[in-house]
């Protein structure tokens with residue numbers, strides 16, 4: 001077998017998942033010794049539970065545990081999953097002007113968010129391309145909590161800091177705090193709410209998708225957001241790091257083993273099934289939120305007023321339509337992977353796959369990628385090239401697996 | 001029955017199993033990274049394929065160690081019957097949930113049969129890498145090539161060294 005030695009083969013998993021960190025490939029990055037990698041508060045806990053640890057964005061993270069990635073992915077949607085996502089970077093922006101400040105950097109209508117609600121947004125560059133995607137929450141008018149990708153941490157923080165300095169030099173009141181004292185856990189699936197309810201007195205049935213609360217969970221003050229990266233109902237819980245292991249244990253115990261510790265391998269399958277972008281694969285510096293199908297995330301007022309980096313490019317795309325669009329694919333044969341070419345039925349190249357794999361819940365291949373506008377309609381028959389051979393496919397809407405977000409009826 | 005179970009637990013400890021009672025032993029094995037089974041009576045390539053030479057037919061597949069590292073197989077690409085394979089050249093690919101790996105032929109020859117069950121059940125490679133997960137049957141063009149392959153003990157050591165190096 002070749003993909004390198006078998007050990008290196010295992011690394012190819014993380015090679016694909018770690019694309020978010022777009023530094024040039026260097027041997028050190030992928031084959032770094034354990035000593036070079038950062039560890040989350042749950043590292044020993046993962047190892048004790050049979051976690052297979054791999055390097056990811058400079059951290060040692062579990063790619064899977066004793067159960068297979070397929071079983072783990074299915075279990076999330078049937079029961080539930082607990083993910084350690086403490087490698088991601090949580091931060092708070094504070095001050096009288098934190099809202100107008102953030103609006104210079106993201107496409108969201110931050111001012112229009114009700115306190116205690118949040119949304120997925122995109123940090124843009126001068127060309128309208130995506131620097132990163134992020135879930136932002138307006139806690140109050142003077143406090144915004146946001147989470148950014150682990151692989152983009154240095155880039156994002158440098159970007160925010162640079163703009164914050166300029167903003168403050170003009171008299172703006174904004175400051176930040178990076179929550180390195182906290183660990184982020186993600187609890188997803190049908191059992192997420194019932195299990196978490198055992199650990200808090202607050203009525204979780206009143207916390208809807210996209211909403212946020214600061215509350216006591218299992219004896220410590222946590223930031224709770226009803227959101228996730230799987231399409232299931234669930235939460236992201238920011239807990240003081242010294243209580244992270246206890247919280248993880250409590251969640252697993254309360255679920256009587258039905259909620260399982262779940263690794264990055266299954267996490268990637270789940271988000272793919274949910275049609276969600278992975279920054280570094282499906283969204284990059286040169287792709288705009290309009291092209292990525294995230295126009296819904298650009299606030300209505302922002303579409304009229306702009307005021308964020310690259311607004312001129314994005315507003316023009318909103319008017320004229322983008323030249324490429326992100327779409328979903330089903331295909332036969334081997335799973336389509338990142339960089340596979342997409343051809344029309346006559347063999348002309350019309351696009352490229354940016355993420356793909358086998359869907360454990362649908363038991364078929366799913367993929368997403370970009371095609372020329374005009375060729376993007378659902379049902380369009382395509383040919384996807386895998387290892388030089390064309391395989392039949394068709395464009396389809398996303399999510400591939402219906403979402404189950406908890407929304408008011 | 002008792003004798004078979006004793007044999008299986010001993011074989012498990014020694015990391016070897018006898019192909020004669022293989023089909024009864026497999027369920028008794030827990031296929032984990034430390035205890036991948038290496039079958040007696042087969043030859044192994046350092047790219048983790050095995051060859052079973054019986055008369056004029058050589059059957060080829062990938063080892064338990066390989067399938068364990070690869071993870072769940074979701075698709076297998078195999079050559080057609082009557083095509084030829086060459087020693088150390090790739091003849092197909094195995095797709096797992098997250099990665100693709102080429103399969104390298106340990107010997108040269110003509111493909112006389114392909115395991116069509118793998119089209120619908122690629123997971124056979126994981127559950128039965130030495131039996132139901134066989135991939136191709138080849139008429140060897142140069143039986144001497146088998147001499148340069150590893151025996152079970154050598155291959156076991158090779159795997160341990162490879163794993164330890166990481």
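For residue A:281, the conditions (1) more than 14 Å from chain B (Cβ to nearest Cβ); (2) under 23 Å from residue A:128 (Cβ atoms); (3) in contact with a helix residue (DSSP H, G or I) (Cβ under 8 Å, 6 or more places away or on another chain) are fulfilled apart from (1). Put simply, of B:105, B:141 the only residue that is buried (at least 19 other Cβ atoms within 10 Å of the Cβ) and out of contact with any helix residue (DSSP H, G or I) (no Cβ under 7 Å at 6 or more places or on another chain) is B:105.
Here's the yes/no breakdown for (1) within 24 Å of the chain's Cα centre (by Cα); (2) at pLDDT below 95; (3) loosely packed, with under 12 Cβ neighbours inside 10 Å:
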residue: A:155; (1), (2), (3): yes, no, no
residue: A:164; (1), (2), (3): no, no, no
residue: A:170; (1), (2), (3): no, no, yes
residue: A:178; (1), (2), (3): yes, no, no
residue: A:187; (1), (2), (3): yes, no, no
residue: A:207; (1), (2), (3): yes, no, no
residue: A:213; (1), (2), (3): yes, no, no
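In the stretch A:359-380, the condition of being under 26 Å from residue A:231 (Cβ atoms), touching a residue at least 60 places away in the same chain (Cβ under 8 Å), surrounded by fewer than 22 Cβ atoms within 10 Å (Cβ to Cβ) and not assigned by the TED database to the domain that holds residue A:75 is met by at least one residue.
Just wondering, is there one or more residues in the stretch A:334-343 that are more than 27 Å from the chain's Cα centre (by Cα), within 14 Å of another protein chain (Cβ to nearest Cβ) and surrounded by 17 or more Cβ atoms within 10 Å (Cβ to Cβ)?
So far as the stretch A:334-343 goes, no, none of its residues is more than 27 Å from the chain's Cα centre (by Cα), within 14 Å of another protein chain (Cβ to nearest Cβ) and surrounded by 17 or more Cβ atoms within 10 Å (Cβ to Cβ).
Among the conditions (1) surrounded by fewer than 18 Cβ atoms within 10 Å (Cβ to Cβ); (2) within 14 Å of another protein chain (Cβ to nearest Cβ), residue A:52 misses just one, which is (1). Residues that are crowded, with 21+ Cβ neighbours inside 10 Å and modelled with pLDDT under 95 within the stretch A:271-319 comprise just one, A:299. Within the stretch B:138-156, residues that are more than 14 Å from residue B:105 (Cβ to Cβ) sit with their Cβ atoms under 8 Å from residues that are in a helix (DSSP H, G or I), at 6+ positions apart or across chains, in these pairs: B:150/B:158. Residue A:70 meets the stated requirement of being surrounded by 19 or more Cβ atoms within 10 Å (Cβ to Cβ), closer than 30 Å to residue B:160 by Cβ, modelled with pLDDT of 50 or more and within 14 Å of another protein chain (Cβ to nearest Cβ). Please specify each residue of the stretch A:348-359 satisfying the condition of being touching a strand residue (DSSP E or B) at 6+ places or on another chain (Cβ under 9 Å) and either away from every other protein chain (no Cβ under 14 Å) or more than 16 Å from residue A:291 (Cα to Cα) (or both). Scanning the stretch A:348-359 gives A:349, A:350, A:351, A:352, A:354, A:356, A:357, A:358, A:359. The residues of the stretch A:195-205 that are outside any loop (DSSP other than H, G, I, E, B), out of contact with any strand residue (DSSP E or B) (no Cβ under 7 Å at 6 or more places or on another chain) and either loosely packed, with under 13 Cβ neighbours inside 10 Å or in contact (Cβ under 8 Å) with a residue 40 or more places away in the chain (or both) amount to a single one, A:205.
Residues that are without any contact (Cβ under 8 Å) to a residue 24 or more places away in the chain and facing chain A (nearest Cβ under 7 Å) were ranked within the stretch B:73-94; the one that is nearest to residue A:264 (Cα to Cα) is B:93. Checking each residue in the stretch A:61-78 for being farther than 26 Å from residue A:151 by Cα and in a helix (DSSP H, G or I) picks out A:71, A:74, A:75, A:77, A:78. A single member of A:33, A:60 is within 14 Å of chain B (Cβ to nearest Cβ) and modelled with pLDDT of 95 or more, and it is A:60.
If the condition is being over 30 Å from residue A:74 (Cβ atoms) and within 11 Å of another protein chain (Cβ to nearest Cβ), then the stretch B:58-72 contributes no residue at all. Each residue in the stretch B:110-126 was checked for being in contact (Cβ under 8 Å) with a residue 24 or more places away in the chain, within 13 Å of another protein chain (Cβ to nearest Cβ), out of contact with any helix residue (DSSP H, G or I) (no Cβ under 8 Å at 6 or more places or on another chain) and not in a loop (DSSP other than H, G, I, E, B), and 1 of them qualify.
The values are calculated or read from the model by the stated rules, or taken from the named source; none is laboratory data. Everything quoted here is computed from the prediction, not taken from an experiment. Heads up, the Cβs are rebuilt from the backbone with ideal geometry, glycines too, and the neighbour counts pull from every protein chain shown.
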